[in-house]
Amino acid sequence: MAHAVVILAAGLGTRMKSKLPKVLHPLLGKPLVGYCIDAAFQSGAERVVVVVGHGAEQVRQAFASHPRLVFVEQKEQLGTAHALAQAEAVLADFPGPIVVTQGDTPLTRPETLKGLVEVLRREQAGMALLTMRLPDPTGYGRIVRDEKGEILRNVEQKDARPEELAIQEINPGVYCFDASLWAMLRRVDNQNAAGEYYLPDLIQIYRAAGQKVASLEAKDPEELLGVNSRAQLAQVEAVLLGRLRAHWMAQGVRMVLPETVYLEPSVELAPDVVLWPGVVLRGQTRLGEGVEVGAYAVLTDTTVEPYAKVKSHSVCEGAYIEQGADAGPFARLRPGAYLEQEAHVGNFVEVKNARLGRRAKAGHLAYLGDAEVGEESNIGAGVITANYDGVRKHKTTIGKRAFVGSNSVLIAPVTLGDGAFVAGGSAINQDVPAEALAIARERQRNIEGYRRRREQETSGAG
Ligand code: UD1
Ligand code: CA
């Protein structure tokens, strides 16, 4: 019989000083409680229940598309035991072990949850809990044992006597129970310093019922870091980033100053990728073998094929860059930007919903929106596709080997044939046939002797 997992996530999170419920604060782009949910499913849980309260609707909505996830609401936050009791409504008939974790502890590994289930089974205990030894136990519940080493109870910091405060073994807040849990929970009272229903009081209650309480000592304190403040959120984020960087470096990625590289768990990297300092990789970003990303480039949901380059300070979102193409420095690729093989986009070029064919180039200061640029075409500096008439967007189509002179505006909808030329400074609002030259600007006039005449006029006036 597989186990169920209940995640307690109804608390307010006052110390975050935020309008956002604590468990929705993003950790590498994913809400805090999302990590607990993933760990629960990865531990092999048959059912996962989240107890929500503060910001309940927001939390539900954040995971609305998650199959197999069940929410129950704790309307008033009367303590962790009261929170857990809300899950009885959906788990009353669940026969297997029930694991309980806290939604603000995102680094707990699935193996740890499984380990606790195994301890419960092996020792035929009614309850099992994780414990941990900390040099500084401040803030946590302390584990009180008898002289034989049996766990007697947990005492909260607020309720502890001085000799209990000195205990270094603490309660990290991860538990496992047999199916008698719901009956036991009814015996928890709120006679304590906080006036709350304390979940760890189940230790005495199980013992009083003649059942065994087992424990498993966690060895990696990082796993149990809780998030109660912004500083702890940053600390947990640093741990996760450290794990991700180490993982990708082991897979053959080169990071220059790795501690400056930000990347999310959803990102995928191939061997020989090179990341210069300050690179930010977010969402569904995928970098192929040998891709180089320059300093301070930001890539979101972007695919870069092998041996392509994104140079420093470029910002790419929802872009696709084929093999051997390059963008930047200071390129801006917006959703739908597509660079075919060996295409080149240089500094201060913005590309949106536009495709550049093989070896096409837009070297400097251009805007290509809703456009198609044929292979080997050249887009001069300052070229703008005027794609918006104030109401609708229109398309610009440029054939192969076309040449668009600097500072031209292509007023869409408009089509330039293969091999067409546009003279610099033109405003093009009619199609240009293949191989033709379009000049759409005032013809230049030179006025001979202008300076001499002007000087005569000004001296006459004085
Ligand atoms: C709790 C434990 C403490 C342990 C510590 C580990 C209790 C009484 N104390 O203290 O022994 O060392 O965790 O981190 O359990 N929650 C609800 N509803 C409530 C109260 C809390 O859902 O009414 C949720 C919170 O959202 C949070 C979790 O339960 O995710 C823990 O609550 P919190 O108030 O942070 O407990 P701690 O004081 O950390
Ligand atoms: Ca906590």
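The values are calculated or read from the model by the stated rules, or taken from the named source; none is laboratory data. Computed from a predicted model, the values in this text were never measured in an experiment. For neighbour counting, all protein chains shown are included, and Cβ atoms are generated from backbone atoms with ideal geometry for every residue, glycine included. Just the protein is used for accessible areas: all its heavy atoms, side chains included, with ligands, DNA and RNA removed. Shrake-Rupley method; radii C 1.70, N 1.55, O 1.52, S 1.80 Å.
Condition check ((1) modelled with pLDDT under 95; (2) within 15 Å of ligand 1 (Cβ to nearest atom)) across all residues:
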| position | (1), (2) |
| --- | --- |
| A4 | no, no |
| I7 | no, yes |
| G11 | yes, yes |
| M16 | yes, yes |
| K19 | yes, no |
| V23 | yes, yes |
| L28 | no, no |
| C36 | no, yes |
| F41 | no, no |
Considering segment 105-124, residues that are part of a loop (DSSP other than H, G, I, E, B) and away from ligand 2 (no atom under 16 Å from the Cβ), and then whichever is surrounded by the fewest Cβ atoms within 10 Å (Cβ to Cβ), we arrive at Q124
Being away from ligand 2 (no atom under 16 Å from the Cβ) and free of Cβ contacts under 8 Å to residues at least 24 places away in the same chain narrows A62, A89 down to just A89
Across segment 10-22, the tally of residues that are buried (at least 17 other Cβ atoms within 10 Å of the Cβ), within 11 Å of ligand 2 (Cβ to nearest atom) and not in a loop (DSSP other than H, G, I, E, B) stands at 1
Of the residues in segment 65-82 that are among the polar types (S, T, N, Q) and open to solvent by less than 60 Å² (accessible area, probe 1.4 Å), the one that is farthest from ligand 1 (Cβ to nearest atom) is Q74
Only unsatisfied item for A45, checking (1) in a helix (DSSP H, G or I); (2) surrounded by 23 or more Cβ atoms within 10 Å (Cβ to Cβ), is (1)
Selection from segment 170-201 of residues within 11 Å of ligand 1 (Cβ to nearest atom) and without any contact (Cβ under 8 Å) to a residue 60 or more places away in the chain yields I170, N171, N192, A193
- prompt: Looking at segment 244-257, is at least one residue in contact with a Gly (Cβ under 9 Å, 6 or more places away or on another chain) and either assigned by TED's automatic domain parsing to the domain that holds V23 or without any contact (Cβ under 8 Å) to a residue 60 or more places away in the chain (or both)?
  reply: yes
When segment 158-174 is checked residue by residue, the ones that are more than 19 Å from N192 (Cα to Cα) and open to solvent by less than 70 Å² (accessible area, probe 1.4 Å) are I167, E169, P172, V174
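Let's see how each residue does on (1) more than 28 Å from E88 (Cβ to Cβ); (2) in contact with a helix residue (DSSP H, G or I) (Cβ under 9 Å, 6 or more places away or on another chain):
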| residue | (1), (2) |
| --- | --- |
| R109 | no, yes |
| R121 | no, no |
| T138 | yes, yes |
| E156 | no, yes |
| A160 | yes, no |
| A166 | yes, no |
| N171 | no, yes |
For L269, indicate whether it is within 16 Å of ligand 2 (Cβ to nearest atom), open to solvent by less than 40 Å² (accessible area, probe 1.4 Å), among the aliphatic types (A, V, I, L, M) and touching a helix residue (DSSP H, G or I) at 6+ places or on another chain (Cβ under 6 Å). no
Expected single match for part of a helix (DSSP H, G or I) and within 16 Å of ligand 2 (Cβ to nearest atom) among L130, L84 is L84
Of (1) open to solvent by 20 Å² or more (accessible area, probe 1.4 Å); (2) more than 36 Å from the chain's Cα centre (by Cα), V155 fails just (1)
